[in-house]
1. Please verify whether Leu74 is more than 17 Å from Val123 (Cβ to Cβ) and open to solvent by less than 20 Å² (accessible area, probe 1.4 Å), treating the condition exactly as stated.
2. Mind checking which residues of the stretch 87-116 are touching a Lys or Arg at 6+ places or on another chain (Cβ under 8 Å), under 22 Å from Ile37 (Cα atoms), open to solvent by 20 Å² or more (accessible area, probe 1.4 Å) and in a strand (DSSP E or B)?
3. How many residues does the stretch 52-77 hold that are in a helix (DSSP H, G or I) and free of Cβ contacts under 8 Å to residues at least 24 places away in the same chain?
4. Is it the case that some residue within the stretch 23-37 is at pLDDT 90 or above, open to solvent by 50 Å² or more (accessible area, probe 1.4 Å) and either part of a loop (DSSP other than H, G, I, E, B) or among the charged types (D, E, K, R) (or both)?
5. Any chance you could count how many residues in the stretch 70-113 are of a type in the set (A, V, I, L, M, F, W, C) and farther than 24 Å from Met58 by Cβ?
Amino acid sequence: PDLLRAHLLRAECLIALQRPGDAEAAFADAIQLDPGISLGAKAAPRMRATFDKVRARMVGTLMVSSNQAGAVALLDGKALGPLPVEAIVLAGTHTVRREADGATPRELEVVPGATVVVALDVVARLPEPGDQSTLNPLRSA
């Protein structure tokens, strides 16, 4: 949090000094640390415009759902939260999967300014012919 705040304060100072390019770099450093960061309601219009410009080229939105109640989504190995979940993430290639069942990870590409929607649904697997590992409750013994 301290480093994040330092980047934001640096950007604010650079805007006041009329150095927008350097301010953009400071905002980029802050967004790299926390893609979901936002400026407070009291941010100056010039500061907000610069921040929004940088953020638009760095992040996208990821919306993840599942038909499995209580499942938790992992993004690049870190918990995003219980499904469904929506998160602002850095643009680029990411891996997403359900936590509980060790499901196969899915690789996806997040594009700046775009929303990626992914469903991590559980699909029932039918037993292979001759597979005795599952019990059939309708079969008499």
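The values are calculated or read from the model by the stated rules, or taken from the named source; none is laboratory data. Bear in mind that the values here come from a model prediction, so they are computed numbers and not experimental data. As a convention, Cβ positions derive from the backbone with ideal geometry for all residues, glycine included, and neighbour counts pool all protein chains shown. Areas reflect the complete protein model, heavy atoms only, side chains present, ligands, DNA and RNA absent. Shrake-Rupley method; radii C 1.70, N 1.55, O 1.52, S 1.80 Å.
1. Numbers: more than 17 Å from Val123 (Cβ to Cβ): yes; open to solvent by less than 20 Å² (accessible area, probe 1.4 Å): yes.
Criteria met by Leu74.
2. Thr95
3. Residues of the stretch 52-77 in a helix (DSSP H, G or I): 52-56.
With the extra rule that they be free of Cβ contacts under 8 Å to residues at least 24 places away in the same chain, the set shrinks to 52.
The number of residues fulfilling the criteria is 1.
4. Yes, the conditions are met somewhere in the stretch 23-37.
5. Within the stretch 70-113, the first condition is being of a type in the set (A, V, I, L, M, F, W, C), and the residues that meet it are 71-75, 79-80, 83, 85, 87-91, 96, 100, 103, 108, 110-111.
Remaining after also requiring farther than 24 Å from Met58 by Cβ: 71-72, 83, 100, 103.
Of the residues in that region, 5 qualify.
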